[in-house]
Amino acid sequence: MDRCALAHQYHQQGYSCAQSVAGAFADLTGWEPERLFAAAGAFGGGVGGSHEELCGAVSGGLLVLGLLFPHTRAEDRDTKKEIFSLAKQFRQQFFDTFGHTRCGDLLRSRCGGSEKTAAAARLGLTAHCDIMVVTAVELLSALLKEHMA
């Protein structure tokens with residue numbers, strides 16, 4: 001399965017960046033894409049379209065991490081440390097790729113494709129949010145491959 005292409009397809013259909021990223025991992029989470037779209041619905045556009053908060057592509061990836069590495073018992077400090085570590089790694093990798101994680105900052109900096117956005121280049125994408133979406137999926141896929149092996 002080409003998760004990057006699937007996320008791009010969802011984005012082209014009108015789903016937000018957060019929904020598109022989360023939906024691309026439906027098979028791993030055990031949730032139907034529509035349920036993931038609902039859970040991620042408010043995170044698009046830097047949270048509710050404000051462009052003032054975390055990029056929706058990152059938010060969608062964090063939702064997936066939370067579902068795959070659930071911290072459900074308050075006393076379970078090891079799982080809490082694990083999910084925080086994975087979330088930090090994912091956010092840092094996105095930051096290292098684009099120099100920002102905040103939606104408005106990303107839009108203002110006009111981040112485009114680069115040698116760090118291989119999936120976007122492979123799919124021939126040039127639109128800003130398309131690049132964010134497929135790169136978030138690419139980064140999250142690599143992180144999951146490393147931690148779910």
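The values are calculated or read from the model by the stated rules, or taken from the named source; none is laboratory data. Here the structure is a predicted model, which is why all the values come from computation and not from measurement. As a convention, Cβ positions derive from the backbone with ideal geometry for all residues, glycine included, and neighbour counts pool all protein chains shown. Heavy atoms of the whole protein, side chains included, go into the accessibility calculation; ligands, DNA and RNA do not. Shrake-Rupley method; radii C 1.70, N 1.55, O 1.52, S 1.80 Å.
Computed from backbone phi with θ = phi - 60° and the Karplus coefficients 6.51, -1.76 and 1.60, the 3J(HN,Hα) list for region 128-143 is 3, 5, 4, 5, 4, 4, 5, 6, 4, 5, 4, 5, 5, 4, 5, 5 Hz; x is used for glycine and proline. Scalar couplings 3J(HN,Hα) for region 77-87, obtained by applying the Karplus form with A = 6.51, B = -1.76, C = 1.60 to θ = phi - 60°, are 5, 5, 5, 4, 4, 4, 5, 5, 5, 5, 4 Hz; x denotes Gly and Pro. Amide H contacts for L54 (H built 1.01 Å from N in the peptide plane; partners 5 or more residues away or on another chain; cut-off under 5 Å): C103.
At 222 nm, what value in deg cm²/dmol follows for the chain if DSSP H runs of at least 4 each add -39500 (n - 2.57) and the sum is divided by all its residues, to the nearest 500? Taking each H run of at least 4 residues, the total per residue is -20000 deg cm²/dmol. A 1.4 Å probe run over the chain, with the rest of the protein chains in place, finds 51 Å² accessible per residue.
Which aspartates and glutamates does K116 reach when only Cα atoms under 13 Å apart count, and residues fewer than 8 places away in its own chain are ignored? Leaving aside aspartates and glutamates fewer than 8 places away in the same chain, those within reach of K116 are D96, E138. Computing mean projected area of the Cα convex hull in nm² directly from the structure and comparing it against [x] 8.0; [y] 8.5; [z] 9.6 singles out [y]. Sites listed here are trypsin sites (Lys or Arg not before Pro) in region 1-83 whose DSSP assignment is loop and whose Cβ has at most 11 other Cβ atoms within 10 Å: R73. Per-residue Karplus couplings for region 35-40, computed as 6.51 cos²θ - 1.76 cosθ + 1.60 with θ equal to phi - 60°, are listed in order as 5, 5, 4, 5, 5, 9 Hz, Gly and Pro entered as x. Looking at region 88-149, the trypsin sites (Lys or Arg not before Pro) that sit in a DSSP loop and have at most 16 other Cβ atoms within 10 Å of their own Cβ are R110, K116.
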